[in-house]
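What follows is a single structure, written as structure tokens, with notes after it.
The values are calculated or read from the model by the stated rules, or taken from the named source; none is laboratory data. Predicted, not measured: the structure shown is a model, and the values here were computed from it. Cβ atoms come from the backbone with ideal geometry, glycine included; neighbour counts cover every protein chain shown.
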Amino acid sequence: MADVTELLSRSETRGRLTLTAVTLGSGIAILDGSIVNVALRTIGTELDASLEQLQWVINGYMLALASLVLVGGALGDRLGRRRVYLVGMGWFLVASALCAVAQTPAQLIAMRVLQGVGAALLTPGGLAIIQSVFRREDRAAAIGTWAGLSGIAAAIGPFIGGWLVDNGSWRWIFGINVPLCLAVIALTLWATPESRDTEATERGFDWLGAGLTVVALGALTYALTASSGTSRVVVVGVAAVALAAGLGFVVAERRSRHPLVRLSLFADRVFSAANAMTFVVYGALGVVFFILVLQLQVSAGWSALSAGLTGLPATVALMLLSSRASQLSERIGPRIPMAVGPLICAAGVLLLLPAGEGATWWTVLPGLVAFALGLALLVSPLTSTVLAAAPDRYAGVASGVNNAVARAGSLLAVAALPALVGLSGDDYQDPAAMTAGFRGSMIICAILLIVGGVVSWFGLAGASPTPQDSSRPELTQSSPPASPDASDGRS
């Protein structure tokens, strides 16, 4: 069980400050995953980087985050969620400052990997802290606030990045993190109580599982990113290493007495369906945010700020509608919001296909609005559903799993799609090549989003995001799934 002497209320000062701290901190990490996109063309020109190197500026961060976020969640459960959250914020602060002074593509990629390590420590801590230190009746609303503002951070990133690039330097997109991280550290130290899984210290740590996760994702990302410029033998060999490490991870987790990921969590149909939907939907979202701002700058001649403003509809929608989407999910269950939301996003992506030479705001606005409405409908219910499907004591692990799945989906999609649609080298500076690749990517993203909606419709039938009762028996490796007709709708 979580070790907290007194649970917080959203209406009290410490509760509000704690929610501010975890929301702002998580938002900084998410913001940094999107703010860089709009500066990629400028970074590429100034540092003389290839498209593959620009992919690694994104993927280096996402790789470290995706492969270590499970470790971050487990360490928080074990050592204290507040403590690990603070370490992650401090690490992220230092790495951001180093990114701001990078002089070559290789230096920037290396510092982005370090940034991702810090993000992996702090990202699962935000949700785990909410789940463990707030009163049960306040958690759904707190999670809705977290999800909405975190979604705003992702959407507003391109706007902030565009303004900084056009009015200063791309280096400020990293430098701005320093004062924000200092504010989060101060708020967390002042208001947030410590919490942990009191039984975690009695268990060993799954270093083998952690290592295999890193190897599997790292090798697969390299194989996908390098597929257009590396010998086929090398690519196949690295892909084989990724497959072997992935299979080894599953075997290791099944046999471990203290696994990094309790595979029995996936016996819950709702937990598995929500994470499957997360993988494909966040893969599509990662590519849309990556390639749209490049397309508008390269092919339509927009400034970095104008391209960044395309995130504004999503920002407004998430700000105004996330809490309502969370309340709707509580009332009718998550199935409809999480099925319809991706389908609306898919429609929005298809409406963006004409964004090319001569594109104006009227060309892209209908697609952006539809995309924003779908995103607002699905984000909050998704987060609440994942946490509700796991026992409270595994809040850190459940949050870590979902974050890892989301980042892995985005990471692998950004790594694979450019080569799949024929983009490589300096193609991001060629309007004709960029437009062809953009349109192919948008069609694939729309298909992924439709798949996400279908998975939610069939996988979440009867699901309810009601917070999990902490008295629920612990899930063990041998726990059988519950009956499909259980009253809570999960199997």
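Could you look through region 145-187, keep only residues that are more than 17 Å from G25 (Cβ to Cβ) and modelled with pLDDT under 75, and pick out the one that is surrounded by the fewest Cβ atoms within 10 Å (Cβ to Cβ)? Only one residue fits best here, namely F159. If you go through region 81-99 and keep only what is crowded, with 19+ Cβ neighbours inside 10 Å and small (G, A, S), you end up with G88, A95, S96. Take A49 and decide whether it is in a loop (DSSP other than H, G, I, E, B), over 14 Å from the mean Cα position of the chain (by Cα), at pLDDT 85 or above and among the aliphatic types (A, V, I, L, M). Spelling it out, A49 is indeed in a loop (DSSP other than H, G, I, E, B), over 14 Å from the mean Cα position of the chain (by Cα), at pLDDT 85 or above and among the aliphatic types (A, V, I, L, M).
Scanning region 238-259 turns up no residue that is at pLDDT below 80 and touching a Ser or Thr at 6+ places or on another chain (Cβ under 8 Å). The set of residues in region 66-103 that are touching a Leu at 6+ places or on another chain (Cβ under 6 Å) and hydroxyl-bearing (S, T, Y) comprises S67, Y85. Listed by first and then second residue, the pairs linking a residue in region 167-184 that is within 15 Å of G308 (Cβ to Cβ) to a residue that is in a helix (DSSP H, G or I) and among the hydrophobic types (A, V, I, L, M, F, W, C), with Cβ atoms under 6 Å apart and 6 or more places separating them unless they lie on different chains, are W170/A39; W170/I43; W172/L164; I173/I35; I173/A39; I173/L164. Determine whether region 327-341 contains at least one residue that is outside any helix (DSSP H, G or I), crowded, with 24+ Cβ neighbours inside 10 Å and either assigned by TED's automatic domain parsing to the domain that holds V421 or in contact with a helix residue (DSSP H, G or I) (Cβ under 8 Å, 6 or more places away or on another chain) (or both). For region 327-341, residues outside any helix (DSSP H, G or I), crowded, with 24+ Cβ neighbours inside 10 Å and either assigned by TED's automatic domain parsing to the domain that holds V421 or in contact with a helix residue (DSSP H, G or I) (Cβ under 8 Å, 6 or more places away or on another chain) (or both): present.
Taking region 223-316 as the region of interest, the helices (runs of 4 or more DSSP H) fully inside it that hold 1 or more residues being surrounded by fewer than 22 Cβ atoms within 10 Å (Cβ to Cβ) and among the acidic types (D, E) are 232-255. Residue-level check: of (1) modelled with pLDDT under 80; (2) surrounded by fewer than 24 Cβ atoms within 10 Å (Cβ to Cβ); (3) of a type outside the set (G, A, S), I35 misses just (2).
Scanning region 326-347 for residues that are of a type in the set (A, V, I, L, M) and either more than 30 Å from W163 (Cα to Cα) or at pLDDT below 85 (or both) yields L328, I332, I336, M338, A339, V340, L343. May I ask you to verify whether V113 is in contact with a helix residue (DSSP H, G or I) (Cβ under 6 Å, 6 or more places away or on another chain) and β-branched (V, I, T)? Yes: the conditions hold for V113. Residues considered: A29, A102, A95. Of these, the only one that is part of a loop (DSSP other than H, G, I, E, B) and closer than 16 Å to F174 by Cβ is A102.
Every residue, every condition in (1) modelled with pLDDT of 90 or more; (2) more than 19 Å from N402 (Cα to Cα), yes or no:
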residue	(1), (2)
G80	no, yes
A95	yes, yes
L98	yes, yes
P105	yes, yes
A110	yes, yes
T123	no, no
F134	no, yes
E137	no, yes
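Does region 28-42 contain any residue that is in the same structural domain as A314 (by TED's automatic domain parsing) and more than 24 Å from the chain's Cα centre (by Cα)? Looking through region 28-42, at least one residue is in the same structural domain as A314 (by TED's automatic domain parsing) and more than 24 Å from the chain's Cα centre (by Cα).
The residues on offer are L54, L65, and the sole one that is closer than 21 Å to I130 by Cβ and in a helix (DSSP H, G or I) is L65. Does V386 meet the test of being of a type in the set (V, I, T), modelled with pLDDT of 80 or more, surrounded by fewer than 22 Cβ atoms within 10 Å (Cβ to Cβ) and assigned to a helix (DSSP H, G or I)? Taking the combined requirement at face value, the residue does not satisfy it.
Filtering region 68-80 to residues that are among the small types (G, A, S), assigned to a helix (DSSP H, G or I) and surrounded by fewer than 24 Cβ atoms within 10 Å (Cβ to Cβ) leaves nothing.
Checked against the criterion of being modelled with pLDDT of 70 or more, outside any helix (DSSP H, G or I), charged (D, E, K, R) and in contact with a Pro (Cβ under 8 Å, 6 or more places away or on another chain), region 198-208 contains one or more residues that satisfy it.
Of all residues in region 348-386, those being more than 16 Å from V280 (Cα to Cα) and either of a type in the set (A, V, I, L, M) or outside the structural domain of T278 (by TED's automatic domain parsing) (or both) number 15. Being in contact with a helix residue (DSSP H, G or I) (Cβ under 9 Å, 6 or more places away or on another chain) and either crowded, with 22+ Cβ neighbours inside 10 Å or part of a helix (DSSP H, G or I) (or both) is true of A140.
Looking at T213 and the list (1) in the same structural domain as G367 (by TED's automatic domain parsing); (2) within 30 Å of S50 (Cα to Cα); (3) surrounded by 24 or more Cβ atoms within 10 Å (Cβ to Cβ), which single condition is not satisfied? T213 satisfies all of (1) in the same structural domain as G367 (by TED's automatic domain parsing); (2) within 30 Å of S50 (Cα to Cα); (3) surrounded by 24 or more Cβ atoms within 10 Å (Cβ to Cβ) except (1).
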